[in-house]
Amino acid sequence: MAWQKREVVFYGKERQYLTGVARCILMAHRRKNVTRKNLMNQNRAEVVREVHPDEPKDTIEKQDTIAERERHLRQCLKTLPTTYRKVLELIHLRGMPREAVAVEVGCSLNALYVRELRAVRSLSRAYFSSKTDEAS
């Protein structure tokens, strides 16, 4: 990639350009792996039942409860404001570093920490309040 775009590189700035290209490729690789892992975990219980039909019921039930919790968490995540949801998705689901998330969201790093804290608090409130509503 760097060789194909060698005309773009400024003289004396080759090292900075190459490290930037390498960083972008690495971040894309990490995002792809996190996305793949999340997709694999979504239907884990169904796959386990198909692959191991004679698996003890308690193991499958535990995996069902985990899958149910994940589904419930995803529903609560959808109820968050867009800014909070985007911060949580980029940091925790895609695994992006906070510095890159701050740039993408368009805020300072300190403001990002505040947004993340508020998002986690809002998510936990939504998660546990809906859990108590279901129980009653």
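Read-outs throughout are calculated quantities, based only on the coordinates presented, and are distinct from any laboratory measurement. What you are looking at is a predicted structure, and each value in this text was computed from that prediction instead of being measured. FYI the Cβ positions are ideal-geometry reconstructions off the backbone, even for glycines, and counts take in every protein chain you see.
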The simple spin-label model distance between residue 31 and residue 78, using points 7 Å out along Cα→Cβ, in nm, is 2.3 nm
Quick calc, residue 114 & residue 71: beta-carbon distance into FRET formula, R0 22 Å, rounding 0.05, result 0.15
Here, residue 107 and residue 16, labelled 7 Å along Cα→Cβ, have an inter-label distance in nm of 2.9 nm
Cα-Cα pairs in segment 80-136 separated by more than 12 Å, as a whole percent of all pairs, come to 65 percent
